[in-house]
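The values are calculated or read from the model by the stated rules, or taken from the named source; none is laboratory data. Here the structure is a predicted model, which is why all the values come from computation and not from measurement. Here the Cβ positions follow ideal geometry from the backbone for every residue, glycine too, while neighbour counts run over all protein chains shown. Just the protein is used for accessible areas: all its heavy atoms, side chains included, with ligands, DNA and RNA removed. Shrake-Rupley method; radii C 1.70, N 1.55, O 1.52, S 1.80 Å.
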Amino acid sequence: YIPPQKNSTLYNKFQELFNNIDIKSTFEKVRWFFIRYHMPVLFRRLDFALMAAGVEGREPIANQHVFNIAIKCSAESLMDTKLGKVPLRELLSDYMGHDFAYEKKVGFPVDLQKVFPNEEKLSSYELWFKENLKVLNK
């Protein structure tokens, strides 16, 4: 990720957001942010994609029971030195093999320079970042 410039809209929004929560640990702040803001977006994307394909397929493990177990996991049990989601990777390795489960994430394969106007000649990632920031400017 690209760190936001100080005094940018993004920086100020994050500063305001994190100043208003009473969490000291950086890991717990990131966990809180992902649960509060990132996960709902991911689930909404999944739901819309499935609806568009005519598939009824709510994520079966995304429920309150699994969430209550996951929130108790420590940072050390969730991450190794290079990758996250270690409990899920371990579970997957039993079925798909260790190499598959621990494969490095390669990112989103769509060239967004072909999707969005790009007069600034931004990289695909920078363009993705810019387009996502628009939601903060309600």
Full extension between Leu78 and Ala52 adds, at 0.36 nm per residue less the Cα distance, a length in nm of 6.1 nm
Set Lys and Arg Cβ to +1 and Asp and Glu Cβ to -1, take the dipole of the chain about its Cα centre, and tell me which of Phe14, Leu122, Phe27 lies farthest positive.
-> Phe14
When the chain is treated as a Gaussian network with springs between alpha carbons less than 10 Å apart, the largest mean-square fluctuation among Gly97, Gly54, Gly84 is found at Gly54
Pop out the carbon and sulfur fraction of the accessible area of the chain as a percent, whole number, probe 1.4 Å.
-> 60 percent
Under a 1.4 Å probe, what is the accessible area of the chain per residue, stated in Å²?
-> 84 Å²
Where is the GNM fluctuation largest for the chain (alpha-carbon springs, 10 angstrom cutoff): Ala53, Ala70, Ala101?
-> Ala53
Asserting the computed 222 nm helical MRE of the chain (DSSP H runs at least 4 long, -39500 (n - 2.57) per run, divided by residue count, to nearest 500) equals -14000 deg cm²/dmol
P(r) of the chain over all Cα-Cα pairs, 5 Å bins starting at 0, rounded to whole percent, reads 2, 7, 11, 16, 19, 20, 15, 8, 3, 0
Among Lys24, Lys114, Lys85: highest mean-square fluctuation, GNM of the chain, C-alpha pairs under 10 Å | Lys114
Filter on Lys72/Lys130; Lys85/Lys121; Lys24/Lys130 - keep pairs with C-alpha separation over 31 Å = Lys72/Lys130; Lys85/Lys121
Can you give the charge dipole size of the chain about its Cα centre, rounded to the nearest 20 debye, using +1 on the beta carbon of Lys and Arg and -1 on the beta carbon of Asp and Glu?
-> 440 debye
